[in-house]
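The values are calculated or read from the model by the stated rules, or taken from the named source; none is laboratory data. Note that this is a predicted model, so its numbers are computed, not measured. Here Cβ is always computed from backbone atoms with ideal geometry, including for glycine, and neighbour counts include all displayed protein chains.
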Amino acid sequence: MSELILTTRQYLDLEKLALGVFAPLTGFMTEREFNSVVQHMRLPDGAVFPLPVVLDVTAEHVARLRGASRLTLRFQGHVVGEIGVDSRYTCDKPSVARQVFGTSDANHPGVAFFYRMGNCFLGGPVRLTRRITFDFSPFDLTPEQTRAYFQRQGWRTIVGFQTRNIPHRAHEYLQRLALTLADGLFIQPLVGWKRRGDYQPLAILTAYRAFIEEFLPADRVLLGVLSTSMRYAGPREAIFHAIIRRNYGCTHFVIGRDHAGVGRYYGKYEAHALVEQLNGTLGIEILRCHGPFYCSRCGEVVTEKSCPHVHRAPDAIREISGSGIRASLAGQGRAAPELIRPEVIASLAGKPLFIEDDEE
Ligand SMILES: [Zn+2]
């Protein structure tokens, strides 16, 4: 049988497809599925699915495969599975980028990555025969495992929380809100392909373990990871993240400000508008949250729904942004305790924090 060597990103997608993380998808998208998702954010059967999941190869590679209908998939020297090839296709990348990312600008990291991918896509059902171990694997639970855990704990309402940051006070505010409203909280940082300057997976996990142990009711919180690449596709990716958490067994999902955004490509609450449009079709309830930020007049973390100073005394408002905290951790200034807990910073002392190069 012909073989295909997978990149880390492709291997992780294979795993997600085979384990039901991207349900209802069970394979890399065929041309029909791809076009339907790009144009309508739905699979051909009508199910909402906002982002393409493709197996990309080069044109030379396709020629070498000589029309093989099954391919063995190999990663890090091991056979990890196979794909039944139902579809081979290409696309007009700038046009697809405009529809998926809202821009064809190659300065957008998700678009740039999409342009760097192979120009041919193979679609069809996949099988996973071997899982490869990474440093974050002990936290990389399957949907079957999380669903069983939630059931064992007797949780009927579970809030999923996406992040790619170490815990700061704005996220803490949202997590406490979730714990107040629901039975359980599933904090699932995204690891997998990210760009230079993003956190190392183990830094995020170390910080979260310290934070949960010290400050949250640990028996009501499950910490996992979502091992898939960031697409930086803003609103569409927010919906993608919600569907994934539905598949892990969550009943609710938090979408805050500029979810999965980058630079100034998306409006702060553009994802909320898309949720509004898709309301009732996702199989998971979305908690649309504004802010939060620190208000020096109120003396605490607030949202624009709970504090009047946002409009009346904007000088009192301090943004709690992941990027500001990243800058201070990188040695540019000190992180204020009202923005991030000193215990969280202390847990990271001496550890490698950031990814140094864009990963492939
Ligand atoms: Zn206030």
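So, of the residues in the range 259-280 that are at positive phi and surrounded by fewer than 20 Cβ atoms within 10 Å (Cβ to Cβ), which turns out to be modelled with the lowest pLDDT?
Applying the filter and picking the extreme gives Gly263.
In this structure, does Asp105 turn out to be within 23 Å of the chain's Cα centre (by Cα), of a type in the set (Asp, Glu) and under 30 Å from Leu185 (Cβ atoms)?
Here the answer is no, as Asp105 does not meet what is asked.
Among (1) at pLDDT 95 or above; (2) more than 18 Å from the chain's Cα centre (by Cα), there is one condition Gly67 misses while meeting the rest; what is its number?
Result: Gly67 passes all but (1).
From the set of residues in the range 285-337 that are away from the ligand (no atom under 16 Å from the Cβ) and part of a strand (DSSP E or B), which is surrounded by the most Cβ atoms within 10 Å (Cβ to Cβ)?
Looking at residues that are away from the ligand (no atom under 16 Å from the Cβ) and part of a strand (DSSP E or B), I get Ile286.
Quick check: anything in the range 19-30 buried (at least 16 other Cβ atoms within 10 Å of the Cβ) and assigned to a helix (DSSP H, G or I)?
Yes: the range 19-30 contains one or more residues that are buried (at least 16 other Cβ atoms within 10 Å of the Cβ) and assigned to a helix (DSSP H, G or I).
Would a scan of the range 253-271 turn up a residue that is hydrophobic (A, V, I, L, M, F, W, C) and either assigned to a helix (DSSP H, G or I) or over 25 Å from Val53 (Cβ atoms) (or both)?
yes
Restricting the search to the range 89-118, which residues are farther than 26 Å from Ala271 by Cα and touching a helix residue (DSSP H, G or I) at 6+ places or on another chain (Cβ under 6 Å)?
Matches in the range 89-118: Tyr89 only.
For the range 74-105, enumerate the residues that are of a type in the set (A, V, I, L, M) and either buried (at least 17 other Cβ atoms within 10 Å of the Cβ) or not assigned by TED's automatic domain parsing to the domain that holds Phe121 (or both).
Hits for the range 74-105 are Val80, Ile83, Val85, Val96, Ala97, Val100.
For the range 205-246, what are the residues that are β-branched (Val, Ile, Thr) and more than 11 Å from the chain's Cα centre (by Cα)?
Across the range 205-246, the qualifying residues are Thr206, Ile212, Val221.
Consider the range 37-73. How many of its residues are part of a strand (DSSP E or B) and either assigned by TED's automatic domain parsing to the domain that holds Leu274 or under 27 Å from Tyr115 (Cβ atoms) (or both)?
Matching residues across the range 37-73 total 7.
How many of the residues in the range 182-208 are surrounded by fewer than 19 Cβ atoms within 10 Å (Cβ to Cβ) and touching a strand residue (DSSP E or B) at 6+ places or on another chain (Cβ under 7 Å)?
Adding up the residues that qualify gives 2.
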